[in-house]
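Reviewing the structure listed below.
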Amino acid sequence: MKTPVPASEILDKPLAEALGERYLSYALSTIMARSLPDVRDGLKPVHRRLLYAMSELRLNPDTPPKKSARVVGDVIGKYHPHGDTAVYDALVRLAQDFAVRYRLIDGQGNFGNVDGDNAAAMRYTEARLTEVAKALLEGIDEDAVDFRATYDGDGEEPAVLPANFPNLLANGSSGIAVGMATNIPPHNVGEICNALRLVLKHKQDTVKALAAGKERPAEPRIEDLVSLMSGPDFPTGGVLVEPRASVVETYRTGRGSFRLRARWHKEPLGQGTWQIVVTEIPYQVQKARLVEKIAELLTARKLILLEDVRDESAEDIRLVLVPKSRNVDPEVLMASLFQATDLEIRFAMNMNVLDKDNVPRVMNLFEVLDAFLDHRHEVLVRRSNNRLRQIDHRLEILGGYLIAYLNLDEVIRIIREEDEPKQELMRAFELTEVQADAILNMRLRNLRKLEEMEIRKEHDGLTAERAELVELLGDESLRWKRIGKETDDTRKRFGDDRRTEVADAPAAIEVPLDAMVEREPLTVLCSEKGWIRAVRGHLDDAGIAEVKYKEGDRHRFAVRCETTDKILVFGSNGKFFTLAADKLPRGRGFGEPVRLMIDLGNDADIVELFKHQGDRKLIVASEDGRGFQVEENEVLAQTRAGKQVLNLEDGKAARVCVPVEGDHVAVIGNNRKLLVFPLFELPVLARGKGVQLQKYKDGSLSDVKTFTLADGLSWNLGDRVRVETNIKNWLASRAGVGHLPPNGFPKNNKFS
């Protein structure tokens, strides 16, 4: 048996520390080498390696494409040690005109579609670079950027591309790292160049101010940049309906969201009928899934203004929405669809990028534009210095050639007769080693007179170019002027019309609930143990009495309503909960526990359950006799957690919730004391403990009722209703003790 080789080094350290170090390494790797784009070229490593590998394969826009499998093989073999599927998916996205605003790869074959269908396998598709990608790679062989060793140390790859194209903003980016994420929308490159021009002017003004000994001028305002770059420009079009103030704030902070809607129009069909045609859908929304969702809502009768949906798309998108009738308001119909489907989305922006020092941070719009221009300035300086070195080297060689032509016979003699011609040439004509090597390597056919003229012409041209480069490298304002010209050229080459319309924020259209839910009569039933269900139709008392419940359970609440109504639940914890009548369980069973629908809590019970009626007030009160009036519209809860309205003392519970109908309040405790006082003595609050309705020594609140004093106080005796008009003995101010009720008042101390 082979003896295992012991570990070369064993470190003794706490597990938490060891795990922390390794997880930190993983997190940094994910952030810097996978998920976040570089602010300078707007690319993640996989995209950068794809473009560089394709340039090395000479897959230029004017050359025939090669199989995508060949490209992927080169990328994973030389630069990107990950799976081929991930690399091919990245390649496919760069070739999809509905995914990126300006394609970086020209794909031949099936590269997927807006319906969400996948691309064909890499062995069936072909790819080559686009002109935009060539602009990103421009100067890659001219020492424009730093190179680093590949993962196996067998080659080199660029750390960043020269990027003569503002790719980060033009195509956007998205990714999720460890503890951070990025999501940048695409923009129109013409508008980006206009904004870059404004930042360039600031840089030129800064150079002039510093040269004159003045203060640095203020940075351009985000408002001014947004006036030139009005918002995202998505490849799939759509309508941007975000308020301008919100857009400015999003670009100022680098974080926010944009509201994007589908583009639609009303298409008349004759005889007063019409249909709606959707021609553009929001970015990253799959058309097939969108149609499927609308069809599901139609089947569930959640869109009762809509009759049918049809997908008549060919190369262009054409979704047809047929209304129920020609009397439907198309704006209301579309508002209901915007609420219920992905015909309207919010695109969240998070401009989290790696800066030139590979530090992740969220930048605002000015910082992104400024970082791109600083990168272009560095590239210009490096390319100029590289060209200057090439010119100096060439001028050195040409100088040697000219000396050779002026002394041609002596040069020939030295080469023919001397044992070490190189050293003799250097001594005789004071040549450098480079010049001597060039003369010795010259072909005989280049010794004709015409070649001397060509050399002098080349020498003069390079000398003039060198003077220009020296002047450029010595004057920063000239360099910014050159970058401005490059920016203008980019706008002319790649600028196009906006696809996403920028519109004013739409006026709020009140979509009636019955536009989303078909109106039907319901009877909502809830048992003592909290099992709730909805039965179609309005049951009469006899029908309610025949309803069956689980063994040990019985009837408690019955509410006649419609599917468009909201059901309010008041709990003994002082919270109100809201249920949609159309969402309640139906069928012949016993329903479902209401606690599964709302966070009522096991230690709380239902005090009251009723239909929401917006324009009335309610009286809520606790068992210790404290309460107040509250507007019913104020108690609607937006979440299942409910809305706390009545604040309770420790150990106390909510006891009463009754609608306000009349001008006086009658209160009775379980000590059988009745008190009547004017309604105006009870304040209207949105939340609180309230005021004392009735004082108790050895008792608590039993029931509350509001009534009109002139009509008298009534209570239910089961088979009949009794009305007491002479109630002056019980009439007093709020917070009194009260007196025994009239003879015949129910023994359970309840008004009903």
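Against the conditions (1) at pLDDT 95 or above; (2) in contact with a Lys or Arg (Cβ under 9 Å, 6 or more places away or on another chain), where does residue 175 fall short? Just the number, please.
(1)
If residue 34 satisfies every condition in (1) crowded, with 17+ Cβ neighbours inside 10 Å; (2) of a type outside the set (A, V, I, L, M); (3) under 15 Å from residue 360 (Cβ atoms) but one, which is the exception?
With (1) crowded, with 17+ Cβ neighbours inside 10 Å; (2) of a type outside the set (A, V, I, L, M); (3) under 15 Å from residue 360 (Cβ atoms) applied to residue 34, the lone miss is (1).
Tell me which residues, restricted to the range 384-418, are closer than 30 Å to residue 139 by Cβ and charged (D, E, K, R).
Within the range 384-418, 387, 389, 392, 394, 396 qualify.
For the range 691-750, enumerate the residues that are farther than 28 Å from residue 652 by Cα and hydroxyl-bearing (Ser, Thr, Tyr).
708, 714, 725
Counting just the residues of the range 45-75 that are of a type in the set (Lys, Arg) and out of contact with any helix residue (DSSP H, G or I) (no Cβ under 7 Å at 6 or more places or on another chain), which one comes out surrounded by the most Cβ atoms within 10 Å (Cβ to Cβ)?
Across the range 45-75, the extreme among qualifying residues is 48.
Within the range 577-605, restricting attention to residues that are over 33 Å from the mean Cα position of the chain (by Cα) and either surrounded by 21 or more Cβ atoms within 10 Å (Cβ to Cβ) or among the polar types (S, T, N, Q) (or both), which residue is farthest from residue 537 (Cα to Cα)?
By that ranking, first place goes to 602.
How many residues are among the basic types (Lys, Arg), touching a Lys or Arg at 6+ places or on another chain (Cβ under 8 Å) and not in a loop (DSSP other than H, G, I, E, B) when one looks only at the range 530-559?
Of the residues in that region, 2 qualify.
Looking at (1) under 19 Å from residue 657 (Cβ atoms); (2) touching a Leu at 6+ places or on another chain (Cβ under 7 Å), find the lone condition where residue 563 falls short.
The number of the failed condition is (1).
Given the conditions (1) of a type in the set (Gly, Ala, Ser); (2) modelled with pLDDT of 90 or more; (3) outside any helix (DSSP H, G or I), report the number of the one that residue 116 does not fulfil.
(2)
Does the range 91-120 hold any residues that are closer than 22 Å to residue 80 by Cβ and among the aliphatic types (A, V, I, L, M), and which are they?
91, 92, 94, 95, 99, 100, 104, 105, 119, 120
Of all residues in the range 1-40, which are assigned to a loop (DSSP other than H, G, I, E, B) and modelled with pLDDT of 70 or more?
9, 10, 11, 12, 13, 14, 36, 37, 39, 40
Would you mind stating whether residue 466 is loosely packed, with under 15 Cβ neighbours inside 10 Å, not acidic (Asp, Glu) and not assigned by TED's automatic domain parsing to the domain that holds residue 144?
Taking the combined requirement at face value, the residue does not satisfy it.
Being touching a Lys or Arg at 6+ places or on another chain (Cβ under 8 Å) and part of a loop (DSSP other than H, G, I, E, B) is the filter; apply it to the range 232-261 and report the residue that is surrounded by the most Cβ atoms within 10 Å (Cβ to Cβ).
Of everything passing the filter in the range 232-261, 233 is surrounded by the most Cβ atoms within 10 Å (Cβ to Cβ).
Assuming residue 462 fulfils every condition listed in (1) farther than 27 Å from residue 384 by Cα; (2) hydrophobic (A, V, I, L, M, F, W, C); (3) at pLDDT 90 or above apart from one, which condition is it?
(1)
Somewhere in the range 672-682, is a residue surrounded by 14 or more Cβ atoms within 10 Å (Cβ to Cβ), in contact with a His (Cβ under 7 Å, 6 or more places away or on another chain) and in a helix (DSSP H, G or I)?
Within the range 672-682, one or more residues are surrounded by 14 or more Cβ atoms within 10 Å (Cβ to Cβ), in contact with a His (Cβ under 7 Å, 6 or more places away or on another chain) and in a helix (DSSP H, G or I).
Filter the range 247-278 down to the residues that are free of Cβ contacts under 8 Å to residues at least 40 places away in the same chain and over 23 Å from residue 330 (Cβ atoms) and list them by number.
Listed by number, the residues that qualify are 247, 248, 249.
Scanning the range 383-441 for residues that are in contact (Cβ under 8 Å) with a residue 40 or more places away in the chain and out of contact with any helix residue (DSSP H, G or I) (no Cβ under 8 Å at 6 or more places or on another chain), which turns out surrounded by the most Cβ atoms within 10 Å (Cβ to Cβ)?
Only one residue fits best here, namely 383.
Only one of 723, 704 is touching a strand residue (DSSP E or B) at 6+ places or on another chain (Cβ under 8 Å), part of a strand (DSSP E or B) and more than 14 Å from residue 626 (Cα to Cα); which?
Checking each option against the conditions leaves just 723.
Return the pairs, sorted by first residue and then second, in which the second residue is assigned to a helix (DSSP H, G or I), the first residue lies in the range 704-731 and is assigned by TED's automatic domain parsing to the domain that holds residue 668, the beta carbons are less than 7 Å apart, and the residues are 6+ apart or on different chains.
Qualifying pairs under 7 Å: 706/679.
The values are calculated or read from the model by the stated rules, or taken from the named source; none is laboratory data. Just so we're clear, the structure is a prediction, and the values are computed from it rather than from any experiment. All Cβ positions, even for glycine, are placed from backbone atoms using ideal geometry, and neighbour counts span all protein chains on display.
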